[in-house]
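Participant: Dropping a structure here in structure tokens format, bear with me for questions.
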Amino acid sequence: MTWKNNGLMLMCRFLLLLILFLPREMTSSILTVNGKTENYVLDTQIGFQESLRCAVQNHTNEEELLWYREAGTVDLKSGNKINSSSVCVSSISEDDNGVTFTCKLQRNQSVSISVVLNVIFPPLLSGDDFQTVEEGSNANLVCNVKSNPQAQMMWYKNSSILNLEKNHHQVQQTSESLQLSITNVKKSDNGTYNCIANSTWRVETKDFHLIVKALHKG
């Protein structure tokens, strides 16, 4: 009986030592970007440069890292892959707004951390400057806008707030444009229409010139 008890104790000690000296690979590695342990949004501005440094925590062996910009891989130099890895986002533009950078563990890509760029910039307006229409036809002025945060938009005419006439003017706004539709154009619709975008940064204006020609009678 004593022998059986001693054998049981030896077996228990062996199992305990086995557990204690299991490879540390069993502990879960985590990733950080710029010291943060969770996905986050990085506020930045047009023309800025941002450096993103990914590092492995809780590891004993060397770990290879991967970087993705959206779904595409980022090319990394051989010395910029093991245990820590940095990517530099330079000359940031409005097109980088909302772009996600993700760092992943090469051997287990479910271990990852992401950074979303929030590029702050004033309104950028575009559209066709001139439009010529005949009386009685329809006109459509489209003011394209890019802005972050989103700007408040309004139409003026000849530098005064446009007086919208029912069944004659229709205004539609999306996050990317402000449109003015004019039905059955009259001679009095001739003039310069001002697209006004007001953001927390500043107010931007773009002029649209509508030229109304007399109806040609054949």
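The values are calculated or read from the model by the stated rules, or taken from the named source; none is laboratory data. For clarity, every value in this text was computed on a predicted model and none was experimentally measured. Virtual Cβ from ideal backbone geometry, glycine too; neighbours counted across all protein chains shown. When the accessible area is computed, the model is the full protein with side chains, heavy atoms only, and any ligands, DNA or RNA have been set aside. Shrake-Rupley method; radii C 1.70, N 1.55, O 1.52, S 1.80 Å.
Participant: Using only Cα atoms, tell me the angle between helix 2-20 and the longest principal axis of the chain; keep it within 0 to 90° and round to the nearest 10.
Facilitator: Once rounded, one gets 30 degrees.
Participant: For q values of 0.26 Å⁻¹, compute log₁₀ I(q)/I(0) with the Debye formula on a Cα-only model of the stretch 29-91, without solvent.
Facilitator: Per q value, in the given order, log10 I(q)/I(0) is -1.29.
Participant: Here is a further query. Just read off the accessible area of residue 81 with the full protein assembly in place, 1.4 Å probe, to the nearest 10 Å².
Facilitator: Estimated to the nearest 10 Å², residue 81 gives 60 Å².
Participant: With a 1.4 Å probe and all protein chains kept in place, how do 30, 182 rank by accessible area, largest first? Please report the intermediate quantities before stating the final value.
Facilitator: Details: 30 70, 182 0 Å².
Accessible-area ranking of 30, 182, largest first: 30, 182.
Participant: Another question, if that's okay. From largest accessible area down, sort 193, 68; use a 1.4 Å probe on the protein chains.
Facilitator: Values: 193 0, 68 40 Å².
From most accessible down to least: 68, 193.
Participant: Need the C-alpha centroid separation for the stretch 119-138 versus the stretch 158-218, integer Å.
Facilitator: Answer, in whole Å: 8.
Participant: Over the chain, what percent of the accessible surface lies on carbon and sulfur atoms, probe 1.4 Å?
Facilitator: Values: 7000 of 13900 Å².
Carbon and sulfur: 50 percent of the exposed surface of the chain.
Participant: Let me check something: with ligands and nucleic acids excluded, how do 192, 44, 37 order by accessible area (1.4 Å probe), largest to smallest? List each step's numbers first, then the result.
Facilitator: Working: 192 35, 44 5, 37 90 Å².
Largest to smallest exposure gives the sequence 37, 192, 44.
Participant: Which links in 77/146; 157/213; 36/146 stretch past 27 Å when you go from one Cα to the other? Could the numbers behind the result be given before it?
Facilitator: Working: 77/146 35 Å; 157/213 18 Å; 36/146 30 Å.
Table pairs above 27 Å Cα-Cα are 77/146; 36/146.
Participant: Additional query: Which FRET efficiency, nearest 0.05, do residue 134 and residue 94 yield, Cβ-Cβ r, R0 35 Å? Don't skip to the answer; put the middle values down first.
Facilitator: Values: r = 37 Å, r/R0 = 1.07.
Plugging the Cβ-Cβ distance into 1/(1 + (r/R0)^6) gives 0.40.
Participant: Report the accessible area of residue 53, computed with a 1.4 Å probe over the heavy atoms of all protein chains in place, in Å² rounded to the nearest 10.
Facilitator: Its heavy atoms expose roughly 120 Å² to the probe.
Participant: I'd like to know how the chain sits against the 2.2 N^0.38 Å rule of thumb: what's its Cα Rg over that expected value? Don't skip to the answer; put the middle values down first.
Facilitator: On the way: Rg = 31.2 Å, N = 218, 2.2 N^0.38 = 17.0 Å.
Normalised Cα radius of gyration, the chain: 1.83.
Participant: Also, quick follow-up: Could you please report the charge total around residue 206, scoring K, R as +1 and D, E as -1 over all other residues with beta-carbon less than 15 angstrom from its beta-carbon?
Facilitator: -2
Participant: Go ahead and estimate [θ] at 222 nm for the chain from helices alone: -39,500 (n - 2.57) per DSSP H run with n ≥ 4, summed, over the residue count, rounded to 500. Provide the component values of the computation, followed by the final result.
Facilitator: Working: 1 runs with 19 residues, N = 218.
So the helix-based figure for the chain works out to -3000 deg cm²/dmol.
Participant: Could you tell me what a quarter of the Cα convex hull surface of the stretch 153-218 works out to, in nm² with one decimal place? It would help to have the intermediate numbers written out before the result.
Facilitator: Working: hull surface 21.8 nm².
Here the figure is 5.5 nm², rounded to one decimal.
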